[in-house]
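Undergrad: Handing you a structure now.
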Amino acid sequence: MAKQKFYVVWEGKQPGVYTTWAECQAQTDHYTGAKYKSYESKAAADAAFKAGWKGNWGSGASGSGTAKSKSSGSWSRSTASSTPESMEIDYDSISVDVGTRGNPGPVEYKGVDTQTGDIIFSCGPIRKGTNNLGEFLAIVHALALLKKEGSSKTVYSDSVNAMKWVKQKKVATTLARDASTEEIWTLIDRAEHWLRTNTYNNKVLKWQTKEWGEIKADYGRK
(Lines give C-alpha, C1' and ligand atoms only; values in the text may rest on other atoms or scores of the structure.)
Protein backbone atom coordinates (compact mmCIF):
# COMPACT_ATOMS: atom_id res chain seq x y z
CA MET A 1 0.00 0.00 0.00
CA ALA A 2 1.28 3.45 -0.90
CA LYS A 3 2.40 5.56 2.05
CA GLN A 4 0.13 8.45 3.04
CA LYS A 5 1.31 11.82 1.76
CA PHE A 6 0.29 15.31 2.77
CA TYR A 7 0.20 18.19 0.32
CA VAL A 8 0.97 21.78 1.27
CA VAL A 9 -0.48 24.51 -0.94
CA TRP A 10 1.10 27.87 -0.17
CA GLU A 11 -0.12 29.65 -3.29
CA GLY A 12 -3.35 28.33 -4.79
CA LYS A 13 -7.09 28.85 -4.91
CA GLN A 14 -7.33 27.96 -1.21
CA PRO A 15 -3.97 27.55 0.59
CA GLY A 16 -3.77 24.81 3.20
CA VAL A 17 -2.71 21.23 3.91
CA TYR A 18 -4.45 18.48 1.95
CA THR A 19 -4.41 14.72 2.33
CA THR A 20 -4.82 13.71 -1.33
CA TRP A 21 -3.19 14.70 -4.61
CA ALA A 22 -6.63 15.25 -6.15
CA GLU A 23 -7.43 17.91 -3.53
CA CYS A 24 -4.06 19.58 -4.04
CA GLN A 25 -4.48 19.52 -7.81
CA ALA A 26 -7.93 21.11 -7.52
CA GLN A 27 -6.35 24.05 -5.70
CA THR A 28 -3.40 24.51 -8.08
CA ASP A 29 -4.69 23.75 -11.58
CA HIS A 30 -5.18 26.91 -13.65
CA TYR A 31 -3.67 29.00 -10.83
CA THR A 32 -0.81 31.20 -12.02
CA GLY A 33 2.25 30.91 -9.78
CA ALA A 34 0.94 27.97 -7.76
CA LYS A 35 3.35 26.76 -5.07
CA TYR A 36 2.80 23.34 -3.56
CA LYS A 37 4.76 20.35 -2.29
CA SER A 38 4.24 16.89 -0.79
CA TYR A 39 5.35 15.77 2.68
CA GLU A 40 5.47 12.37 4.33
CA SER A 41 3.97 13.39 7.67
CA LYS A 42 1.17 15.69 8.82
CA ALA A 43 3.48 17.37 11.32
CA ALA A 44 6.05 18.23 8.63
CA ALA A 45 3.35 19.52 6.30
CA ASP A 46 1.76 21.68 9.02
CA ALA A 47 5.15 23.12 9.98
CA ALA A 48 6.03 23.88 6.35
CA PHE A 49 2.68 25.55 5.72
CA LYS A 50 3.09 27.69 8.81
CA ALA A 51 6.67 28.63 7.86
CA GLY A 52 5.68 29.65 4.34
CA TRP A 53 7.00 28.67 0.94
CA LYS A 54 10.29 30.57 1.15
CA GLY A 55 12.93 28.06 2.18
CA ASN A 56 10.58 25.14 1.54
CA TRP A 57 9.71 25.36 -2.14
CA GLY A 58 11.64 25.72 -5.40
CA SER A 59 14.54 28.16 -5.53
CA GLY A 60 13.66 29.55 -2.11
CA ALA A 61 14.89 26.38 -0.44
CA SER A 62 18.48 27.00 -1.48
CA GLY A 63 18.50 30.29 0.36
CA SER A 64 17.55 28.87 3.72
CA GLY A 65 21.19 28.09 4.52
CA THR A 66 20.46 24.77 6.22
CA ALA A 67 20.41 21.19 5.05
CA LYS A 68 17.00 19.68 5.66
CA SER A 69 16.00 16.05 5.92
CA LYS A 70 14.62 14.50 2.74
CA SER A 71 12.17 12.52 4.85
CA SER A 72 10.48 15.76 5.86
CA GLY A 73 9.79 16.59 2.24
CA SER A 74 12.41 19.33 2.02
CA TRP A 75 15.75 19.17 0.29
CA SER A 76 19.39 19.52 1.18
CA ARG A 77 21.94 21.95 -0.16
CA SER A 78 23.94 19.06 -1.61
CA THR A 79 20.91 18.00 -3.65
CA ALA A 80 20.57 21.52 -5.01
CA SER A 81 24.17 21.72 -6.15
CA SER A 82 24.06 18.36 -7.92
CA THR A 83 20.82 19.10 -9.77
CA PRO A 84 20.70 22.86 -10.48
CA GLU A 85 17.63 22.44 -12.68
CA SER A 86 15.69 21.42 -9.56
CA MET A 87 16.05 24.88 -8.05
CA GLU A 88 13.15 26.47 -9.89
CA ILE A 89 10.31 25.21 -12.05
CA ASP A 90 10.27 26.35 -15.66
CA TYR A 91 6.55 26.91 -16.07
CA ASP A 92 6.86 27.55 -19.82
CA SER A 93 7.03 23.82 -20.37
CA ILE A 94 5.19 20.56 -20.95
CA SER A 95 4.95 18.00 -18.15
CA VAL A 96 4.26 14.38 -19.06
CA ASP A 97 3.16 11.37 -17.07
CA VAL A 98 1.78 7.88 -17.52
CA GLY A 99 -1.15 6.03 -15.99
CA THR A 100 -1.08 2.23 -15.73
CA ARG A 101 -3.36 -0.51 -14.48
CA GLY A 102 -0.74 -3.06 -13.54
CA ASN A 103 2.87 -3.13 -14.64
CA PRO A 104 2.77 -4.52 -17.27
CA GLY A 105 -0.82 -3.64 -18.04
CA PRO A 106 -2.94 -1.11 -19.94
CA VAL A 107 -1.05 2.16 -20.42
CA GLU A 108 -2.07 5.72 -21.15
CA TYR A 109 -0.08 8.91 -21.12
CA LYS A 110 -0.58 12.65 -21.45
CA GLY A 111 1.23 15.94 -21.67
CA VAL A 112 -0.02 19.06 -19.93
CA ASP A 113 0.83 22.72 -19.71
CA THR A 114 2.95 22.93 -16.54
CA GLN A 115 1.55 26.35 -15.70
CA THR A 116 -2.16 25.66 -16.10
CA GLY A 117 -2.52 21.87 -16.08
CA ASP A 118 -4.42 22.01 -19.39
CA ILE A 119 -4.08 18.78 -21.38
CA ILE A 120 -2.07 19.30 -24.58
CA PHE A 121 -2.12 15.70 -25.81
CA SER A 122 -3.12 12.26 -24.57
CA CYS A 123 -2.85 8.72 -25.84
CA GLY A 124 -4.40 5.44 -24.79
CA PRO A 125 -5.27 3.27 -23.18
CA ILE A 126 -2.78 1.05 -24.98
CA ARG A 127 -3.56 -2.62 -24.42
CA LYS A 128 -0.36 -3.66 -22.63
CA GLY A 129 2.88 -1.96 -21.68
CA THR A 130 4.93 -0.70 -18.75
CA ASN A 131 5.19 2.54 -16.83
CA ASN A 132 8.63 3.41 -18.20
CA LEU A 133 7.64 2.66 -21.79
CA GLY A 134 4.65 4.93 -21.42
CA GLU A 135 6.88 7.69 -20.04
CA PHE A 136 9.30 7.22 -22.95
CA LEU A 137 6.49 7.56 -25.48
CA ALA A 138 5.12 10.63 -23.70
CA ILE A 139 8.49 12.42 -23.79
CA VAL A 140 9.03 11.67 -27.48
CA HIS A 141 5.45 12.71 -28.26
CA ALA A 142 6.12 16.04 -26.53
CA LEU A 143 9.42 16.56 -28.35
CA ALA A 144 7.88 15.78 -31.75
CA LEU A 145 4.98 18.14 -31.08
CA LEU A 146 7.26 20.96 -29.93
CA LYS A 147 9.52 20.54 -32.95
CA LYS A 148 6.51 20.73 -35.25
CA GLU A 149 5.48 23.97 -33.51
CA GLY A 150 9.01 25.37 -33.58
CA SER A 151 9.00 25.64 -29.79
CA SER A 152 12.01 25.36 -27.49
CA LYS A 153 9.91 24.64 -24.39
CA THR A 154 11.27 22.33 -21.70
CA VAL A 155 9.80 18.85 -21.18
CA TYR A 156 9.48 17.49 -17.64
CA SER A 157 9.23 13.80 -16.72
CA ASP A 158 9.53 12.03 -13.38
CA SER A 159 11.01 8.87 -14.96
CA VAL A 160 14.82 8.66 -14.91
CA ASN A 161 14.76 5.48 -17.02
CA ALA A 162 12.60 7.00 -19.74
CA MET A 163 14.81 10.09 -19.90
CA LYS A 164 17.86 7.85 -20.25
CA TRP A 165 16.22 5.91 -23.08
CA VAL A 166 15.38 9.14 -24.90
CA LYS A 167 19.00 10.23 -24.64
CA GLN A 168 20.18 6.84 -25.90
CA LYS A 169 17.45 6.83 -28.59
CA LYS A 170 16.55 3.27 -27.64
CA VAL A 171 14.56 1.58 -24.91
CA ALA A 172 15.95 -1.17 -22.69
CA THR A 173 13.03 -3.30 -21.56
CA THR A 174 12.23 -6.94 -20.89
CA LEU A 175 8.69 -6.58 -22.24
CA ALA A 176 8.23 -9.36 -24.79
CA ARG A 177 7.10 -8.73 -28.35
CA ASP A 178 3.93 -10.73 -28.83
CA ALA A 179 0.33 -10.23 -29.86
CA SER A 180 -0.59 -8.57 -26.57
CA THR A 181 2.22 -5.98 -26.84
CA GLU A 182 2.11 -5.36 -30.58
CA GLU A 183 0.42 -1.95 -30.18
CA ILE A 184 2.97 -0.47 -27.80
CA TRP A 185 5.93 -1.93 -29.67
CA THR A 186 4.67 -0.31 -32.88
CA LEU A 187 4.65 3.04 -31.06
CA ILE A 188 8.09 2.42 -29.54
CA ASP A 189 9.62 1.56 -32.92
CA ARG A 190 8.12 4.74 -34.37
CA ALA A 191 9.43 6.83 -31.44
CA GLU A 192 12.94 5.38 -31.69
CA HIS A 193 12.96 6.09 -35.42
CA TRP A 194 11.92 9.70 -34.77
CA LEU A 195 14.77 10.14 -32.28
CA ARG A 196 17.31 8.71 -34.72
CA THR A 197 16.18 10.93 -37.58
CA ASN A 198 15.47 14.20 -35.80
CA THR A 199 17.29 16.71 -33.65
CA TYR A 200 15.81 19.02 -31.03
CA ASN A 201 17.02 21.76 -28.70
CA ASN A 202 14.47 21.24 -25.95
CA LYS A 203 15.65 20.41 -22.44
CA VAL A 204 14.28 17.16 -21.01
CA LEU A 205 14.46 17.58 -17.24
CA LYS A 206 13.64 15.48 -14.20
CA TRP A 207 10.62 16.70 -12.26
CA GLN A 208 11.78 17.02 -8.64
CA THR A 209 8.85 15.40 -6.87
CA LYS A 210 10.24 15.76 -3.35
CA GLU A 211 10.67 19.50 -3.77
CA TRP A 212 7.68 20.37 -5.96
CA GLY A 213 5.03 17.74 -5.27
CA GLU A 214 3.52 15.43 -7.89
CA ILE A 215 4.06 16.33 -11.53
CA LYS A 216 1.18 18.32 -13.06
CA ALA A 217 0.34 15.49 -15.48
CA ASP A 218 -0.05 12.96 -12.64
CA TYR A 219 -3.00 10.57 -12.94
CA GLY A 220 -3.46 10.38 -9.17
CA ARG A 221 -3.33 6.58 -9.04
CA LYS A 222 -0.66 6.18 -6.35
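Undergrad: Exactly one condition in (1) of a type in the set (Gly, Ala, Ser); (2) open to solvent by 40 Å² or more (accessible area, probe 1.4 Å); (3) assigned to a loop (DSSP other than H, G, I, E, B) is false for residue 122; which is it?
TA: (3)
Undergrad: Looking at 166, 160, 171, 140, which one is free of Cβ contacts under 8 Å to residues at least 60 places away in the same chain and open to solvent by 80 Å² or more (accessible area, probe 1.4 Å)?
TA: Of the residues listed, the single one that is free of Cβ contacts under 8 Å to residues at least 60 places away in the same chain and open to solvent by 80 Å² or more (accessible area, probe 1.4 Å) is 160.
Undergrad: Residues in segment 125-154 that are β-branched (Val, Ile, Thr) and assigned to a helix (DSSP H, G or I): how many?
TA: 2
Undergrad: Counting only residues that are under 17 Å from residue 218 (Cα atoms) and at pLDDT 85 or above, which one in segment 1-19 is surrounded by the fewest Cβ atoms within 10 Å (Cβ to Cβ)?
TA: Taking the candidates together, the pick is 19.
Undergrad: Next question, about the same structure. Any residue at all in segment 183-206 that's free of Cβ contacts under 8 Å to residues at least 24 places away in the same chain, farther than 21 Å from residue 94 by Cβ, of a type in the set (Lys, Arg) and surrounded by fewer than 21 Cβ atoms within 10 Å (Cβ to Cβ)?
TA: Looking through segment 183-206, none of the residues is free of Cβ contacts under 8 Å to residues at least 24 places away in the same chain, farther than 21 Å from residue 94 by Cβ, of a type in the set (Lys, Arg) and surrounded by fewer than 21 Cβ atoms within 10 Å (Cβ to Cβ).
Undergrad: Test residue 174 against the stated conditions and say whether it is in a helix (DSSP H, G or I) and polar (S, T, N, Q).
TA: Answer is no for this residue.
Undergrad: Another question, then. Name the single residue, out of those in segment 166-180 being among the β-branched types (Val, Ile, Thr) and at pLDDT below 95, that is farthest from the chain's Cα centre (by Cα).
TA: 174
The values are calculated or read from the model by the stated rules, or taken from the named source; none is laboratory data. Every value quoted in this text rests on a predicted model; they were computed, and no experiment measured them. Because the Cβ atoms are built from the backbone with ideal geometry, glycine has one as well, and the counts that use them run over all protein chains shown. Accessible surface areas use protein heavy atoms only, side chains included; no ligands, DNA or RNA. Shrake-Rupley method; radii C 1.70, N 1.55, O 1.52, S 1.80 Å.
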